[in-house]
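Structure record follows, encoded as structure tokens.
The values are calculated or read from the model by the stated rules, or taken from the named source; none is laboratory data. Only a predicted model underlies this, so the values are computations on that prediction, with no experimental measurement involved. Every residue, glycine among them, receives a Cβ derived from its backbone with ideal geometry; neighbour counts consider all protein chains shown.
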Ligand SMILES: C[S@@+](CC[C@H](N)C(=O)[O-])C[C@H]1O[C@@H](n2cnc3c(N)ncnc32)[C@H](O)[C@@H]1O
């Protein structure tokens, strides 16, 4: 075992700063309701407690805490650098409803801290299928200790069979690490080089496993710290849904539904023979594993909850009260949405009415269902269209009333400043959504310059200010940073900023 492995987890590099909208409380509540179950909160404004286990750099949790000041957030991770980063962000942003703990699942399972108590939402993303079986057992015990009755548990994990083609790459990468004694970054490069040679030489595995070639191509585009966390842990092991469901059942958790909302169209959206084959299976776990075979599933976002106190279904009132917001403009007469099972083409009448209604601001699901084209679709189809738009990040599900924006302003200012210096942050907190919105490296630089000028700056001067300021990474452009033209700055002022204002990422009168 390498000196930087803890419980088989490679701790040689810090992880990325990603955000996953499926982990937001409102999204999780919607996922439960679309599956016919109750949300963790019937009143979207009610206070709640949220725990993230294996929170990594803590960026996702800080974004959620800023956008949901009525929630109390706790993040746990055993890597000191991750926790230090998370605490530094929370402190710099002035967040008061979040705390981070440098805990290890194994120790926590033995003695759950009394002051942690129980949580309405418990989430783990990119953790469950990366740790060794004993650590997973401990983690499941933590879930049992942590989850409030009626609470929701989100588990995002690498799933089978979509990773079968990647098994050889993973196996050799890990073996190279164990046998060569090289630093993890060098191991990843050596592994890529080795597979390039195998491909060039016509190794049989590439012929038999077409997924190997596409995985190798994907690996070459990915950052080395991501690759280390993806491939080099001793416990890396993509799982079937049935395996996860059986493991968490040991702590009394049962499956509610998926937070991958496009998959709520399944199995109905499959061709007749495949749909029938899925539907005729004798149990839920068999149906889901067979369905995952059909679609070649590679990542699942499962929602569970304690089964002992299964709450009654939410009823349509709570579902219809949930509010939907437009995240980005949509043009043209059709929309092609890539899902885990196929590309779905929506024609304009099916979605354009929703998009134009949302252009003026957020609308409840009930209001959207009442639109003429949606009534024509029927309730079930209309909900499926919304699920697809949510999946494609064209709309977001959010709060019924915007949160106070003070915490969001503090965090977003910090994010813009740091991103300008080259830190690869890529989201802003949004008070209307209770979640976060994607922001490109250039938009974050523009926001930083605009905030520094207190919003009193035209496009030409904004572009000039960005040009004067050295870009990130010691003056060299960081990933995604480009030279800002006056046209680009004008698009930021006239399109991006107004959209961010509507979503509560920037206050109305700010800067
Ligand atoms: C792949 S990262 C995902 C991080 C974060 N959830 C995200 O999606 O950005 C997995 C995280 O789990 C943490 N982790 C792994 N084993 C752990 C353990 N035994 N106790 C606590 N944290 C652990 C790692 O430190 C790492 O931050």
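With respect to residue 205, determine if the residue is more than 30 Å from residue 26 (Cα to Cα), crowded, with 18+ Cβ neighbours inside 10 Å and either in the same structural domain as residue 298 (by TED's automatic domain parsing) or touching a helix residue (DSSP H, G or I) at 6+ places or on another chain (Cβ under 6 Å) (or both). Answer is no for this residue. Scanning region 50-84 for residues that are within 16 Å of the ligand (Cβ to nearest atom), part of a strand (DSSP E or B) and within 27 Å of residue 502 (Cβ to Cβ) yields 50, 73.
Please find, within region 117-126, the residue that is nearest to residue 10 (Cα to Cα) out of those that are out of contact with any helix residue (DSSP H, G or I) (no Cβ under 7 Å at 6 or more places or on another chain) and crowded, with 16+ Cβ neighbours inside 10 Å. First the steps, then the outcome.
First pass over region 117-126, keeping only residues out of contact with any helix residue (DSSP H, G or I) (no Cβ under 7 Å at 6 or more places or on another chain): 117, 120, 124, 126.
Imposing the further condition that a residue be crowded, with 16+ Cβ neighbours inside 10 Å reduces the set to 120, 124, 126.
Numbers: 120: 31, 124: 18, 126: 14 Å.
The qualifying residue nearest to residue 10 (Cα to Cα) is 126.
Output the number of residues of region 235-252 satisfying the condition of being touching a helix residue (DSSP H, G or I) at 6+ places or on another chain (Cβ under 8 Å) and either free of Cβ contacts under 8 Å to residues at least 40 places away in the same chain or within 11 Å of the ligand (Cβ to nearest atom) (or both). Count: 3.
Collect the residues in region 16-36 that are assigned to a loop (DSSP other than H, G, I, E, B) and either crowded, with 22+ Cβ neighbours inside 10 Å or not assigned by TED's automatic domain parsing to the domain that holds residue 68 (or both), keeping them in residue-number order.
If we filter region 16-36 for residues that are assigned to a loop (DSSP other than H, G, I, E, B), which is where we start, we get 16-20, 24, 35-36.
17, 19, 24, listed by residue number.
The single residue among 94, 58 that is in contact with a helix residue (DSSP H, G or I) (Cβ under 6 Å, 6 or more places away or on another chain) and under 18 Å from residue 229 (Cα atoms) turns out to be 58.
Tell me the residue from 81, 102 that is in contact (Cβ under 8 Å) with a residue 12 or more places away in the chain, outside the structural domain of residue 224 (by TED's automatic domain parsing) and in contact with a helix residue (DSSP H, G or I) (Cβ under 8 Å, 6 or more places away or on another chain), please.
Numbers: 81 fails: in contact with a helix residue (DSSP H, G or I) (Cβ under 8 Å, 6 or more places away or on another chain).
On inspection, the qualifying residue turns out to be 102.
Considering the conditions (1) over 23 Å from residue 258 (Cα atoms); (2) touching a residue at least 40 places away in the same chain (Cβ under 8 Å); (3) in contact with a strand residue (DSSP E or B) (Cβ under 8 Å, 6 or more places away or on another chain); (4) more than 11 Å from the ligand (Cβ to nearest atom), residue 47 is excluded by exactly one of them, (2). Selection over region 108-153 of residues that are assigned to a helix (DSSP H, G or I) and near the ligand (Cβ under 8 Å from one of its atoms) gives a count of 5.
Yes or no, residue by residue, for (1) surrounded by 13 or more Cβ atoms within 10 Å (Cβ to Cβ); (2) outside any loop (DSSP other than H, G, I, E, B):
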position: 332; (1), (2): no, no
position: 345; (1), (2): no, yes
position: 351; (1), (2): yes, yes
position: 357; (1), (2): yes, yes
position: 368; (1), (2): yes, yes
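Residue count for region 435-447, restricted to those that are at pLDDT 95 or above and over 14 Å from residue 497 (Cα atoms): 2. Residues that are at pLDDT 90 or above and farther than 27 Å from residue 136 by Cα number at least 1 in the following helices (runs of 4 or more DSSP H) confined to region 175-238: 184-200, 204-208, 210-221. Within region 1-33, the set of residues being closer than 16 Å to residue 153 by Cα and more than 9 Å from the ligand (Cβ to nearest atom) comprises 21, 22, 24, 25, 26, 27, 28, 29, 30, 31, 32, 33.
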